[in-house]
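Colleague: Below is one structure. I have some questions about it.
The values are calculated or read from the model by the stated rules, or taken from the named source; none is laboratory data. Note that the structure is a prediction, hence the values are computed from the model and not measured. Glycine also receives a Cβ, built like all others from the backbone with ideal geometry; neighbour counts cover every protein chain displayed. SASA here: full protein model, heavy atoms, side chains in, ligands and nucleic acids out. Shrake-Rupley method; radii C 1.70, N 1.55, O 1.52, S 1.80 Å.
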Amino acid sequence: MSRLGALGARLYRGEVGYDFVGKRKIWYGISILITITAIVGLAVRGLNMGIEFKGGAVFTVPSTSVSVSQAQTDTEEASGHDAIVQQLGNGGLRIQVTELDTKQADRVKTQLAKDLNVDEAKINADLVGPSWGETIANKAWTGLGIFMILVVIYLAIAFEWRMAIAALIALIHDLTITVGVYALVGFEVTPGTVIGLLTILGYSLYDTVVVFDSLKEGSKDITKQTRWTYSEVANRSINGTLVRSINTTVVALLPVAGLLFIGGGFLGAGMLNDISLSLFVGLAAGAYSSIFIATPLVADLKERDPQIKALKKRVLNKRAAALAKGEPAEGAADALDEDDAEDAEPGEAAPAAAGAVAPGPRTGRGGRGRPSGRRR
């Protein structure tokens, strides 16, 4: 078995682990900082909306000896607007100018024929009205809203309302970061970008549901035992699916990175950037939020419940009593965070910090190391 596979097996059995939930305040702080940066970038620079949303004209010019930079200068002088020029495989040019009406497009077409030294009849001009882009944008927002509502309903039914809220926050987190990166980088927003955004929502949700499913199984009848707190079970669920999350994310990011950095960067296929950037940023943000945001949020919300709060106190008291007698504390041996320290009774000793989940006796289903609800 490979080292990564062996590590995954040990994480799954609870023999080793990292305290993701215990350090949740760090992840929250990082996410808030990234989100604020994205919002500031969006407010200051705004989105570079494509011709499909703003309206304009696309001129397809046959093969010419004029360079891309010169064609861009000529087009901007002729139209009075910013132009995007791309080299086509046959040596021709694709020139995109926003906010042009029919009369302006005809005038620009005539001027381009002179400046680029090509026959005007061979220049193909396609006009896009702003109303079409507005319709596409409205449909995208409608689809996004329906998707969010269905996600919340499904997760509330399949799991519980706390998980639904956490998943929704994680999705909004991923969308905000992706849109903010578009504003900061200045890439053009096209229908391909919208498709990419909707695609990453499904991926992010899938990764989150995998962890939630493990958490649901591990926390069944959790109040009937005194070995683990809810946060520790949540942390074990993240560790148990960690290698799977890493593998699926890396496999998904590799082809997208090829589109973005090789296709869009080295080969100059700028149209690939429309969808590849949203996919790349969204996939990475989705993997991050599933591990560092969604599940810790569930633990935070769940431990506000009186029963779970009482369970946490019982677990901490039991460990402190065992340590006072010189006996090893049963269950997890994670370091206490500030909230745990507040929940412990005054004068009690804190459990020893190990920085990892202690293996302990296997009591879950099939030896998975999760509480079975039968042992006190």
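Colleague: Restricting to the stretch 59-94, give me the number of residues that are closer than 20 Å to L127 by Cα, among the hydrophobic types (A, V, I, L, M, F, W, C) and either within 33 Å of the chain's Cα centre (by Cα) or open to solvent by 20 Å² or more (accessible area, probe 1.4 Å) (or both).
Modeller: 4
Colleague: Quick test for you: out of D213, D207, pick the one residue that is closer than 16 Å to P296 by Cα and open to solvent by less than 30 Å² (accessible area, probe 1.4 Å). First the steps, then the outcome.
Modeller: Details: D213 fails: open to solvent by less than 30 Å² (accessible area, probe 1.4 Å).
The match here is D207.
Colleague: Oh, and also: Among the listed residues T110, T176, identify the single one that is modelled with pLDDT of 90 or more, touching a helix residue (DSSP H, G or I) at 6+ places or on another chain (Cβ under 9 Å), hydroxyl-bearing (S, T, Y) and surrounded by fewer than 19 Cβ atoms within 10 Å (Cβ to Cβ). Outline the logic, then answer.
Modeller: Values: T110 fails: modelled with pLDDT of 90 or more.
Criteria check complete, one pass: T176.
Colleague: Okay, moving on. Go through the residues of the stretch 250-263 one by one and say whether even a single one is open to solvent by 10 Å² or more (accessible area, probe 1.4 Å) and within 30 Å of A310 (Cβ to Cβ).
Modeller: Looking through the stretch 250-263, none of the residues is open to solvent by 10 Å² or more (accessible area, probe 1.4 Å) and within 30 Å of A310 (Cβ to Cβ).
Colleague: Additional query: Here is a list: K54, K23. Which entry is more than 16 Å from I123 (Cα to Cα), at pLDDT below 85 and open to solvent by 20 Å² or more (accessible area, probe 1.4 Å)? First the steps, then the outcome.
Modeller: Values: K23 fails: at pLDDT below 85.
Within the list K54, K23, the selection yields K54.
Colleague: Only residues that are loosely packed, with under 15 Cβ neighbours inside 10 Å and of a type in the set (V, I, T): list them for the stretch 224-236, please.
Modeller: From the stretch 224-236, those loosely packed, with under 15 Cβ neighbours inside 10 Å are 224; that's our starting set.
Those that are loosely packed, with under 15 Cβ neighbours inside 10 Å and of a type in the set (V, I, T): none in the stretch 224-236.
Colleague: Between a residue in the stretch 212-229 that is within 20 Å of V151 (Cα to Cα) and any residue that is open to solvent by less than 10 Å² (accessible area, probe 1.4 Å) and modelled with pLDDT of 85 or more, which pairs come within a Cβ distance under 6 Å, given they are 6 or more apart or on different chains?
Modeller: If the second residue must be open to solvent by less than 10 Å² (accessible area, probe 1.4 Å) and modelled with pLDDT of 85 or more, the pairs left are F212/M163; S214/S237; L215/A234; L215/S237.
Colleague: Filtering the stretch 158-172 down to residues that are in a helix (DSSP H, G or I) and open to solvent by 20 Å² or more (accessible area, probe 1.4 Å), which residue is nearest to A299 (Cα to Cα)?
Modeller: From the stretch 158-172, those in a helix (DSSP H, G or I) are 158, 161-172; that's our starting set.
Keeping just the survivors that are open to solvent by 20 Å² or more (accessible area, probe 1.4 Å) gives 158, 161-162, 165, 168-169, 172.
Numbers: A158: 17, W161: 13, R162: 9, I165: 12, L168: 15, I169: 14, I172: 19 Å.
That would be R162.
Colleague: Another question, if that's okay. Within the stretch 98-118, track down each residue that is free of Cβ contacts under 8 Å to residues at least 40 places away in the same chain and not in a helix (DSSP H, G or I).
Modeller: Within the stretch 98-118, just D101 meets the criteria.
Colleague: Just checking, which of N239, N247 is part of a helix (DSSP H, G or I), buried (at least 24 other Cβ atoms within 10 Å of the Cβ) and not β-branched (V, I, T)?
Modeller: On the way: N247 fails: buried (at least 24 other Cβ atoms within 10 Å of the Cβ).
On inspection, the qualifying residue turns out to be N239.
Colleague: Here is a further query. How about the stretch 132-157: which of its residues are exposed (fewer than 15 other Cβ atoms within 10 Å of the Cβ) and free of Cβ contacts under 8 Å to residues at least 24 places away in the same chain?
Modeller: Within the stretch 132-157, T135, N138, K139, W141, T142, G145, I146, I149, L150, I153, Y154, I157 qualify.
Colleague: Kindly provide the set of residues from the stretch 176-210 that are among the hydroxyl-bearing types (S, T, Y) and more than 16 Å from V151 (Cα to Cα), ordered by number.
Modeller: T176, T178, Y182, T190, T193
Colleague: Could you check how many residues of the stretch 304-343 are surrounded by fewer than 20 Cβ atoms within 10 Å (Cβ to Cβ), part of a loop (DSSP other than H, G, I, E, B) and either among the hydrophobic types (A, V, I, L, M, F, W, C) or at pLDDT below 90 (or both)?
Modeller: 9
Colleague: Looking at the stretch 238-260, I want the residues that are farther than 15 Å from F20 by Cβ and have a partner that is open to solvent by 50 Å² or more (accessible area, probe 1.4 Å) with Cβ atoms under 7 Å, at least 6 apart or on another chain. Which pairs are those?
Modeller: As it stands, the answer is L253/F280; V256/F280; A257/F280; L259/L272; L260/F280, since those pairs meet every condition given.
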